[in-house]
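Reviewing the structure listed below.
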Amino acid sequence: MIRVGVRCRTARARCPGCGSWSGRVHGSYLRFPADLPVAGRRVMLQLRVRRFTCEESPAGGGRLLNR
């Protein structure tokens with residue numbers, strides 16, 4: 001098996017609702033999307049995805065994903 005770990009290095013994400021940038025991280029999680037075999041070996045992609053909180057949201061709870 002070939003294991004590939006990937007994470008985004010950007011420090012901020014843009015809110016799709018109001019368009020402002022936020023650097024406040026709410027949390028993160030792992031995703032494991034399926035991929036095709038390489039040279040007959042199984043490939044496992046491990047993506048670290050961060051969630052940001054929109055600081056300009058009226059409720060202060062807008063969640064943004066960094067993919």
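The values are calculated or read from the model by the stated rules, or taken from the named source; none is laboratory data. Keep in mind that what you see is a predicted model, and the values were worked out from it rather than measured. No Cβ is skipped: glycine too gets one built from the backbone with ideal geometry, and neighbour counts run over all protein chains shown. Just so you know, the surface numbers come from the protein's heavy atoms only, side chains and all, with ligands and any DNA or RNA stripped out. Shrake-Rupley method; radii C 1.70, N 1.55, O 1.52, S 1.80 Å.
Some values worked out for this structure:
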| read-out | value |
| --- | --- |
| Hey, L36 of a type in the set (A, V, I, L, M, F, W, C) and modelled with pLDDT of 85 or more or not | no |
| Residue list for segment 23-34, restricted to those being under 26 Å from M1 (Cβ atoms), open to solvent by 80 Å² or more (accessible area, probe 1.4 Å) and of a type outside the set (K, R) | F32, A34 |
| Residue selected from segment 39-67 under the condition surrounded by 10 or more Cβ atoms within 10 Å (Cβ to Cβ), assigned to a loop (DSSP other than H, G, I, E, B) and not polar (S, T, N, Q), by the criterion modelled with the highest pLDDT | R42 |
| Whichever residue in segment 1-38 is of a type in the set (V, I, T) and not in a loop (DSSP other than H, G, I, E, B) and, among such residues, is nearest to E56 (Cα to Cα) | V25 |
